[in-house]
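Down below is the structure, laid out as structure tokens.
The values are calculated or read from the model by the stated rules, or taken from the named source; none is laboratory data. Keep in mind that what you see is a predicted model, and the values were worked out from it rather than measured. Cβ atoms come from the backbone with ideal geometry, glycine included; neighbour counts cover every protein chain shown. Surface accessibility is based on the protein's heavy atoms, side chains included, excluding ligands, DNA and RNA. Shrake-Rupley method; radii C 1.70, N 1.55, O 1.52, S 1.80 Å.
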Amino acid sequence: MNSIISFWFAPAQLALLFMIGFHAHAQPIKVGGYGIETGEFVPQFDGKYFTMQRKDGIAIIDLTGKMLTSGLKPPSTGIFRNLRIQLYKGVFFASNGNAIVLKNIAGQTLGTGIYSDVSPFVTGNTAVRAQGQPSTWIVAYVDTTGKEIVRFDVMKYLALADPASKLKGTTLVTLNQFQPFSDGLTPIKSQVTGKYGYINRAMQLPIPVTFKSACTFSEGLAAVQNTDGLWGFIDTKGKLIIPCHYTYSPGRFASGLAKVQNREGKYGYINKNDQVVITPRFAYATTFYKGYALAKEGYTTQPILIDSNGAVVTTFLKNTYYIDDSKPGTGISGGDQLEDPFYISETLRELVDEGKGIFLLDMLKYGLVDNKGNVVLDFKYKYMSDLHGGKLLGYIDKTSTAPYQIGILDDKGDWLVLFVESEF
């Protein structure tokens, strides 16, 4: 006779079983490819997709292990270039034969432009050099859909700052001269005097070429340097809003504050009325982001998170360092590196948007720390980057008992995707 065995669980027991099942960690997905190429960590992760170096080129893969496109070749413009497949809001530049095109995550070409040189996206528009005769310099600004915002002959562009009659012989121009448009304007440099002004998208010169140096606009103001070498801020009409009395180049305005440096080399912050809101006392400090900034009073002091009044919100561990490098690892024409004028400290963005951020301990190992100062993931990683939605890239070096691990992990330390290098 068959018997029926029934089980009864109290609600608390059911809840415990559910929690056990819910938190059970699945085995990571394994994806073939290379995380390290010529000694450099090459993958990128934007929260949904990651790049992976494979034998046929770069592949873009989602978190289920599905390959969306492969065989991508980094943009190549000569021996002095070191461009990568660099994701920005789902688009990137890649080589297409002897040209460079803009593609989306699925590998589809966006727009009709074919380029011989490009600057990576750091905001919603960037400069590219249209493919053509070597003697012809045609520059365009494109947005992330591939649409051209403006296109111009470089000699006509240079003539905006200098009468054409004064431009003699070959003029040395590199693409990193063309900063993104911000607040409808971008700096232009005279090839004759070396001074700066600003042009608009209609290829007009609303702000004359009179400054020794000039930065991109942010929150309606741009830092400029006068002929005496002092810095101040102008508005989009060229009116001097903050007098030129700063010895060192100030930072851009963000959250209504700009970083300034006194003659002793200490950083503080001013508002748009040129009032010192946070007294200079920091040896290191970031640009503000959504009302917060990271700072250190000395090289060996603990990092702190401050608010827009300068009050300390969190003090972090001793001998830890936040990530704040405004020069991305992407070479620009002539071997230079273009400084991102809109850069936000990676650690700061993560602390504000994710509630936790990546830090370095003793400049050797990476770990994850929350915005209260608690260690979330121990400092055992050789590399960490790109924290989005509680997931990030990680790299643990090999030990005497275990091989190295590279892939995507969550903020509990569980591997979601492991990169597996093929022996073939």
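Side notes on the structure shown:
- Residues of the range 177-212 classified as of a type in the set (S, T, Y), more than 13 Å from T236 (Cβ to Cβ) and either touching a Pro at 6+ places or on another chain (Cβ under 9 Å) or open to solvent by 60 Å² or more (accessible area, probe 1.4 Å) (or both), total: 3
- Only listed residue being open to solvent by less than 10 Å² (accessible area, probe 1.4 Å) and free of Cβ contacts under 8 Å to residues at least 60 places away in the same chain, chosen from L102, L68: L102
- Which listed residue is touching a residue at least 60 places away in the same chain (Cβ under 8 Å) and not basic (K, R), from L393, L377, L387, L351: L393
- Those strands (runs of 3 or more DSSP E) of the range 270-330 in which 1 or more residues are closer than 21 Å to E350 by Cβ, open to solvent by 70 Å² or more (accessible area, probe 1.4 Å) and modelled with pLDDT of 95 or more occupy 292-296, 312-315.
- Take the conditions (1) surrounded by fewer than 19 Cβ atoms within 10 Å (Cβ to Cβ); (2) part of a loop (DSSP other than H, G, I, E, B); D353 misses just one of them, which is (2).
- Subset tally (residues that are part of a loop (DSSP other than H, G, I, E, B) and either in contact with a His (Cβ under 9 Å, 6 or more places away or on another chain) or among the small types (G, A, S) (or both)) for the range 252-268: 3
- Criterion violated by Y88 - all others in (1) touching a Phe, Trp or Tyr at 6+ places or on another chain (Cβ under 7 Å); (2) modelled with pLDDT of 95 or more satisfied: (2)
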